[in-house]
Amino acid sequence: MKKILAILLALVLVIGLFAGCSADNQKTEEIDYNLDDVFSAVSFSALDISDDDINYIKEKGTLVVGITDFEPMDYKDANGNWIGFDADMATAFAKWLGVKVQFVEIDWDNKIFELDGKSIDCVWNGMTLTDEVKAAMATSNAYCNNAQVVIVSADKADQYNTVEACKELVFAVEAGSAGAEIAAENGFKVTEVKDQATTLMEVSAGTCDAAIIDKLMAAAMVGEGTSYAKLTYTVDLNSEEYGVGFRKDSKMADALNEFLKQANANGLTQVIAEQYGVQAAIIK
């Protein structure tokens, strides 16, 4: 184990050199590393879980992953390839299963229909483990902590740092998201949009007063050194956990739990989390 971790540490250092990472808070979309090299540096036990859904995925040779544009979990690099913590973990999981990975951008509000209709095989996109999600899908163990936060213009942050003060605002929220749910719970006025990235565009353009997005995304997307330098986040509205969803009664969730256990033990999760700056939120 120590030898494996030493190899991983060396890889992290090499990654940093090739990426040109420094203390200047370089944006994550400029980072590049070779997941194949990282994956090949660790060892895994053979998969010993089988059911109809696992057989279906292995026979077609592709794990189709439903996602949205959600940095730092799933987003496109300069070449149009999907990267991010979730994207890289999904790619590694597919390798472990012995299949290829395919990412499909979905309407988040229709994720359950997409899954049941076999347009996708799983939802792996910083998905909050709500009661609705757990009732409709076979879900993995939680792998990441998160919260929903209020996004406002930085020059108005002092005015909107409590839930009560925020009730006068009109919020942009992603339809069908945990953000939309928490907005309803707090009685906020909302405009629903297609994804979390669009909520930030709405606030930046002034068409909405505020947004509610995931705290991990907020850390990557707003504030100094980002595309939304004039926005900031203020109020944490809740605390929550991320998980991955598969078709109801599928044992794919059990397979992923086994993969995550091994990935945590051999250091793979740590390397990928470090790459995208989400390591503090990872549940091990």
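List of remarks:
- For the stretch 185-284, averaging the sequence separation of C-alpha pairs within contact (under 8 Å, six or more residues apart) and dividing by the residue count gives a relative contact order of 12 percent.
- When the chain is described by a simple charge dipole with +1 on each Lys and Arg Cβ and -1 on each Asp and Glu Cβ, the residue from SER140, ALA178, THR232 located farthest towards its positive end is SER140.
- Relative intensity of the stretch 58-206 on a log10 scale, I(q)/I(0) at q = 0.20 Å⁻¹, equals -1.32, per a Debye sum over C-alpha point scatterers of equal strength in the absence of solvent.
- Only beta bridges with both residues in the chain are counted; by DSSP, about 55 percent of them are antiparallel.
- Sorting 217-224, 268-275 by average packing, meaning the other beta carbons within 10 Å per residue, from highest down gives 268-275, 217-224.
- Relative contact order computed over the stretch 104-228 (Cα-Cα under 8 Å; 6+ residues apart), in percent: 27
- Accessible surface calculations at 1.4 Å, restricted to protein heavy atoms, place the stretch 58-173 at 40 Å² per residue.
- Each principal axis of the stretch 204-259 carries a Cα extent, and these read 45, 22, 20 Å when sorted largest first.
- In the chain, the longest principal axis of the Cα atoms and the axis of helix 252-266 are about 80 degrees apart.
- Relative contact order of the chain, taken over Cα pairs closer than 8 Å and 6 or more residues apart, is 26 percent.
- Listed residues ALA184, ALA175, ALA136, most fluctuating in the chain (Gaussian network, C-alpha, under 10 Å): ALA184
- Whole-percent carbon and sulfur share, accessible surface of the stretch 73-172, 1.4 Å: 42
- Candidates VAL64, VAL170, VAL149, ranked by Gaussian network fluctuation over the chain, Cα under 10 Å, top entry: VAL170
- Each residue of the stretch 129-138 was assigned a 3J(HN,Hα) from its phi angle through the Karplus curve 6.51 cos²θ - 1.76 cosθ + 1.60 (θ = phi - 60°); the sequence is 7, 7, 4, 4, 4, 5, 7, 9, 9, 7 Hz, with glycine and proline shown as x.
- LYS284-THR130 pseudo-label distance in nm [points 7 Å out on the Cα-to-Cβ vector]: 3.1
- Base-10 log of normalised Debye intensity for the chain (one unit scatterer per alpha-carbon) at q = 0.10, 0.15 Å⁻¹: -0.53, -1.15
- Entries of LYS111/LYS156; LYS60/LYS215; LYS95/LYS134 with Cα pairs more than 32 Å apart: LYS111/LYS156; LYS60/LYS215
- Candidates GLY243, GLY225, GLY84, ranked by Gaussian network fluctuation over the chain, Cα under 10 Å, top entry: GLY225
The values are calculated or read from the model by the stated rules, or taken from the named source; none is laboratory data. The model shown is predicted, which means the values in this text are computed figures rather than measured ones. All Cβ positions, even for glycine, are placed from backbone atoms using ideal geometry, and neighbour counts span all protein chains on display. Note: areas computed on protein heavy atoms with side chains; ligands, DNA, RNA excluded. Shrake-Rupley method; radii C 1.70, N 1.55, O 1.52, S 1.80 Å.
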